[in-house]
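Written below as C-alpha cells is the structure these notes are about.
The values are calculated or read from the model by the stated rules, or taken from the named source; none is laboratory data. Computed from a predicted structure; not experimentally measured. Note: ideal-geometry Cβ built from the backbone for every residue, glycine included; neighbour counts use all protein chains shown. To get the accessible areas, we keep the full protein, side chains included, count just its heavy atoms, and leave off ligands, DNA and RNA. Shrake-Rupley method; radii C 1.70, N 1.55, O 1.52, S 1.80 Å.
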Amino acid sequence: MLKNLVYSALFAGLAAGIIVAALTIFMLVPMLLEAELYESGMLIHLSDATAAMPDIEVENDWPRNGLTALYAATIYIGFAFVMVAAMAFAQEKGVQITTRSGILWGLAGYGAFQLAPAMGLAAELPGMIAAELVQRQIWQIGTIVATIVGIAAVVFGKNWTHWGIGLVILTIPHIIGAPHPAGLGGTVPPELAAQFAARSLAVGAVGWISLGVMSAYFWRQGNR
C-alpha cells in the first residue's frame, strides 16, 4: 500500500504540475513581467496610453520557465501526497475512489488551498502594496486549516450538528478578516491586478481538478 501511495502521488503530482506549469508560463508569467515593468518605472500607470509596450518574451526565457516548471511539479507532488493519503484513508472507511470522486477531491483541495484564501487575499503582482507578510501567512494558514476541517465536517458529518459546526468553522477566518494595508496604492494598474487574480484562480482550478483526477486514476491502477 505504501509503495502504491508513493508512486501514485509522484505520477499524479508530476502530471498536474506539468499542466499548471504550462498554464502559468503562458497565462501568468507575461502579466508578472509586465507588472515588473511598472514596479521598476519603465511603465507608468495613467501615463500616455499611446506609449509603446516593451516586448515581453516568455518562450525564450528558459531559466525562468525551468524554475517555474520545477516549482509547480514540486508543490503539486507535495499536494498529491496529501491527497492520495486522504484517499487511501477514505477508501479504508468504505469510500469508493472513482474519476468523479477524484474531481470532487480536487475541488475540495482547490477550495481549501486557493479559493478560500483568495476570498480575503487575492493573488498579488509585483508593485502592489500589502499587509505585513507574517500576518498574511498566519491568516492564510489558518484559513486553509479551517476550510479543510469545515469541508470534512460537512462531507463526512452524520447529522445537522456536524454540518452546522462545519459551516461555522468555514466562516470563522472570513469573519476575522484578512490583514490589509491601511491605504490603497501601488504602481500596478488595477485592471492588470484584477485580471491576474482571476487567471490565477482559473489556473488553480484546472490544476487541482487535474490533480484529483490523476490521483484517483493512479491510485486505482495501483490497487488492481
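General observations
- Any hit, segment 118-125, residues being assigned to a helix (DSSP H, G or I), of a type outside the set (S, T, N, Q) and within 30 Å of Leu32 (Cα to Cα): yes
- With respect to the conditions (1) open to solvent by less than 70 Å² (accessible area, probe 1.4 Å); (2) free of Cβ contacts under 8 Å to residues at least 60 places away in the same chain; (3) outside any loop (DSSP other than H, G, I, E, B); (4) among the β-branched types (Val, Ile, Thr), Val95 falls short on a single one, namely (3).
- Set Leu107, Leu67: member being at pLDDT 95 or above, open to solvent by 40 Å² or more (accessible area, probe 1.4 Å) and under 17 Å from Ala16 (Cα atoms): Leu107
- Candidates in segment 177-212 are the residues that are β-branched (Val, Ile, Thr) and at pLDDT 95 or above; of these, the one that is nearest to the chain's Cα centre (by Cα) is Val203.
- Top-ranked residue in segment 134-162 [being within 23 Å of Glu39 (Cβ to Cβ) and over 18 Å from the mean Cα position of the chain (by Cα); ranked as least open to solvent (accessible area, probe 1.4 Å)]: Val134
- Pairs, first in contact (Cβ under 8 Å) with a residue 24 or more places away in the chain and at positive phi in segment 182-203, second part of a helix (DSSP H, G or I) and open to solvent by less than 50 Å² (accessible area, probe 1.4 Å), C-beta under 9 Å, six or more apart: Gly186/Tyr38; Gly186/Ala193
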